[in-house]
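Every number in this text was worked out from the coordinates using simple rules, so none of it is lab data. Just so it is clear, the structure is predicted and the values come from calculations on it, not from any experiment. Don't worry about glycine lacking a Cβ; one is built from the backbone with ideal geometry, like all the others, and counts go over all protein chains shown.
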Amino acid sequence: MVSIVPFLFPQFIANIFLSLPRNYSDDPVEMQFLINQLVKNDSWKRLYALKILEKNFQSKMKILLSKKEKEWKKELKMQKELLEYRKLTDDEILHIESGKKLKDKYGADINFNPSDDSIYYLNQYEEEFIKIRDDLCGEISIYHEKYDDFKFWSVKNRNLLKFIQDKVFNNEELDLEKIGKSSPEWALLNLWGFPPQIKYDLKKIYYNIVLYVDLRSGEKEGEKVIKKLAIALSSHEKSLYYLEHFINQLGGMSSKN
């Protein structure tokens, strides 16, 4: 019975041991012991190690994500210092008005990028966009009054031309009211490409790491991989460095977005 019950009900036995009170060490040696138990056992010990290591992983990820959040906020603060509150340039006005006229002529749902167009040549809509824009150049003074009260947050020495053009040829709405009322933070994230904070799927990241280590454990470098993960999940001073190393090897953190 001692042999059969754990074999037939490994999850049940693992849960019993998980429910027992115990002070778990975050020493690299104990982490390595648990990882070896994870990759070299097919019994309840594997399930037991899987859950214990996940607790350590969750704990280390909270520290890592807190660090990344501080770095993100620091960078955001620095980027905000590069912003200015300004009016639209003549080039930006011409782009906006040309896009409107193009869509008025062909409709909002037209496919501006037919699949058979060569990437090396302008398609007919891009050529017409340029022609409309050239025709409007002489009328720019008419539009100055229209946009005279419009201001928005802009990165210094940058223009909205690519942003406007992408909106036009991807059939997306160009909401000037929203842009004009936006905060510096919104402008950085949505107009100027500053990377947003990401919500991470920690469970997915953890099981990807487990699968990776499990697959590598049978290789020549398997023991080194196990040692590195042991350090990553431990109290070692370089633990966050190794944890990020694992995540980057797997293609970056998996986002919930």
- [ ] Treating only the Cβ atoms of Lys and Arg (+1) and Asp and Glu (-1) as charged, compute the dipole magnitude of the stretch 165-249 about its Cα centre; round to the nearest 20 debye.
- [x] 420 debye
Open item on the list: Quick one: 3J(HN,Hα) in Hz for the stretch 167-182, Karplus 6.51/-1.76/1.60 with θ = phi - 60°, rounded, Gly and Pro as x.
Closed with: 5, 4, 8, 10, 6, 10, 6, 9, 8, 5, 4, 5, 5, x, 8, 6
Task: Residue-count net charge about Trp153 - beta-carbon cut-off 10 Å; Lys, Arg +1, Asp, Glu -1 - done: +1
Open item on the list: Can you work out the Karplus-derived ³J(HN,Hα) for every residue in the stretch 66-75? Use 6.51 cos²θ - 1.76 cosθ + 1.60 with θ = phi - 60°, whole Hz, and x for glycine or proline.
Closed with: 5, 5, 5, 5, 5, 5, 5, 5, 5, 5
Task: Amide proton proximity set for Tyr200, modelled H, under 5 Å, gap of 5+ - done: Lys256
Task: Rounded FRET efficiency, nearest 0.05, which uses the C-beta distance separating Lys238 from Ser141 and R0 of 51 Å - done: 0.20
- [ ] On a C-alpha basis, how far is the centre of the stretch 206-224 from the centre of the stretch 72-94 in Å? Whole number, if you could?
- [x] 45 Å
Open item on the list: If you filter the stretch 212-251 for trypsin sites (Lys or Arg not before Pro), then keep DSSP loop positions with at most 13 other Cβ within 10 Å, what is left?
Closed with: Lys220, Lys238
Task: Subset of Lys73/Lys146; Lys80/Lys167; Lys80/Lys162; Lys146/Lys199 violating a 31 Å alpha-carbon distance limit - done: Lys73/Lys146; Lys146/Lys199
